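A.B. asks: Would you mind keeping the following structure in view while I ask a few things?
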Amino acid sequence: MNKQFTVPEELVFLGLDEKMHRFKLDYRSYKELYSVGAVFIELLLRKVISINEEGKVYLTQVDPTGISYLDQVIEVLSDSSKEKSLKKWISSFYYSKGSIRKNVHRSILESLCEQGVVTHKEDTFLFMFPTHKYEAVKDEQARIIERIRAELLEEGSVDEQTVALSFLLKETKMLKEYFSNYERDQLKKRLKELKDNESLQWVKWIEKAIAEINASVVAVGAAAATT
Amino acid sequence: MSRRRKLEVIQNAEYVTIGELVQLSGVRYSTLKFYTEEGLLPFYQMDQKMVRRYHRTGALQRLAQIQKLKQEQGLTIKEIKEKLLEDD
């Protein structure tokens with residue numbers, strides 16, 4: 001039976017390097033923030049949240065989903081009295097909600113471990129410093145990539161989750177880890193075609209939301225570099 | 001390892017490998033692998049370590065059916081899977 005992952009699970013899972021048993025270099029520094037961003041995308045796809053015309057995020061339902069990392073973000077949103085844009089929400093998870101950000105990322109990893117596709121090993125560096133090693137099941141990673149190839153590199157309709165994941169892989173610079181130069185060009189071309197297709201408005205809002213997440217990650221990265 | 005078969009032989013064979021199915025259908029290898037993993041493309045395998053073999057005409061018919069559902073009905077692979085597994 002094939003496993004069904006959420007967008008945050010697929011992103012974190014593909015972020016694991018099979019040789020290093022750590023997170024991939026480009027993605028490593030902001031992995032927790034991207035995890036939170038991917039949770040927002042999952043909530044958008046599940047229609048738990050929505051973004052209004054002013055670009056503010058609002059909850060459309062407050063019932064728990066039963067998925068720990070999604071519910072942690074829902075709780076933060078329901079406790080807030082202020083409406084914020086997606087970009088501001090992502091920044092707030094960097095500046096003032098660091099522990100929740102870490103917990104969200106950890107919960108995603110735990111979920112992957114529970115599903116048996118990631119194994120976690122604790123080790124020490126120089127016999128003193130604790131380190132964590134995560135090993136991903138390569139075949140399951142390959143299946144996700146094959147799905148992207150089958151949907152985006154072939155003619156036909158595409159699934160919301162595959163499109164969202166592909167935009168996230170593009171923004172986290174992870175496409176190069178899984179696709180050849182030719183495939184990458186084809187993928188980017190297809191994503192642009194989908195975005196420009198007037199009848200596929202949902203692609204536009206997914207792309208816009210992910211661009212906002214990325215803009216926020218870049219902004220906090222630049223702020224961290226100058227302080 | 002077996003020798004590569006000529007196209008004329010493949011075109012008349014009862015069972016073909018995934019590589020041969022790529023040649024016959026023009027569908028990329030990774031897509032056929034994905035369809036197989038998703039249970040959309042039935043195969044025959046004598047042993048778990050043996051090569052998967054596809055019934056040539058059955059597999060080509062199934063690929064044509066998937067293509068038709070994609071293009072004519074605008075279904076995603078997920079929706080096609082649900083439909084075909086329901087029909088099976």
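A.B. asks: From A:Ser107, A:Ser111, A:Ser96, A:Ser199, which residue is within 14 Å of chain B (Cβ to nearest Cβ) and of a type in the set (Ser, Thr, Tyr)?
C.D. replies: Only one candidate qualifies: A:Ser199.
A.B. asks: Please enumerate the residues belonging to region A:146-157 that are modelled with pLDDT of 90 or more and surrounded by fewer than 20 Cβ atoms within 10 Å (Cβ to Cβ).
C.D. replies: Of everything in region A:146-157, just one residue is modelled with pLDDT of 90 or more and surrounded by fewer than 20 Cβ atoms within 10 Å (Cβ to Cβ), namely A:Leu153.
A.B. asks: Any idea which of (1) touching a residue at least 24 places away in the same chain (Cβ under 8 Å); (2) under 22 Å from A:Gln161 (Cα atoms); (3) surrounded by fewer than 19 Cβ atoms within 10 Å (Cβ to Cβ) is the one B:Glu79 doesn't satisfy?
C.D. replies: Failed condition: (1).
A.B. asks: I'm trying to understand the selection: among the residues of region B:37-63, which are closer than 16 Å to B:Gly26 by Cα and either in contact (Cβ under 8 Å) with a residue 12 or more places away in the chain or within 13 Å of chain A (Cβ to nearest Cβ) (or both)?
C.D. replies: Residues satisfying the conditions are B:Leu41, B:Tyr54, B:Arg56, B:Gly58, B:Ala59, B:Leu60, B:Arg62, B:Leu63.
A.B. asks: Filter region B:34-58 for residues that are touching a helix residue (DSSP H, G or I) at 6+ places or on another chain (Cβ under 6 Å) and outside any loop (DSSP other than H, G, I, E, B) and give the result.
C.D. replies: Hits for region B:34-58 are B:Phe34, B:Glu37, B:Tyr54.
A.B. asks: Now, a different point. Could we say that B:Glu86 is assigned to a helix (DSSP H, G or I), of a type in the set (Asp, Glu) and away from chain A (no Cβ under 14 Å) here?
C.D. replies: The answer is yes for B:Glu86.
A.B. asks: With the requirement that a residue be of a type in the set (S, T, N, Q), over 27 Å from A:Met174 (Cα atoms) and part of a helix (DSSP H, G or I), what does region A:29-83 give you?
C.D. replies: Passing the criteria: only A:Ser78.
A.B. asks: Still on this model: With a cut-off of at least 3 residues that are over 26 Å from A:Asp17 (Cβ atoms), name the helices (runs of 4 or more DSSP H) lying wholly within region A:123-227.
C.D. replies: Passing ranges, in order: A:181-196, A:201-226.
A.B. asks: Ok, one more. Can you report the number of residues in region A:196-223 which are of a type in the set (Asp, Glu) and surrounded by 14 or more Cβ atoms within 10 Å (Cβ to Cβ)?
C.D. replies: 2
The values are calculated or read from the model by the stated rules, or taken from the named source; none is laboratory data. Source: prediction; values computed, not measured. Reconstructed Cβ throughout: ideal geometry from the backbone, glycine too, with neighbour counts over all protein chains shown.
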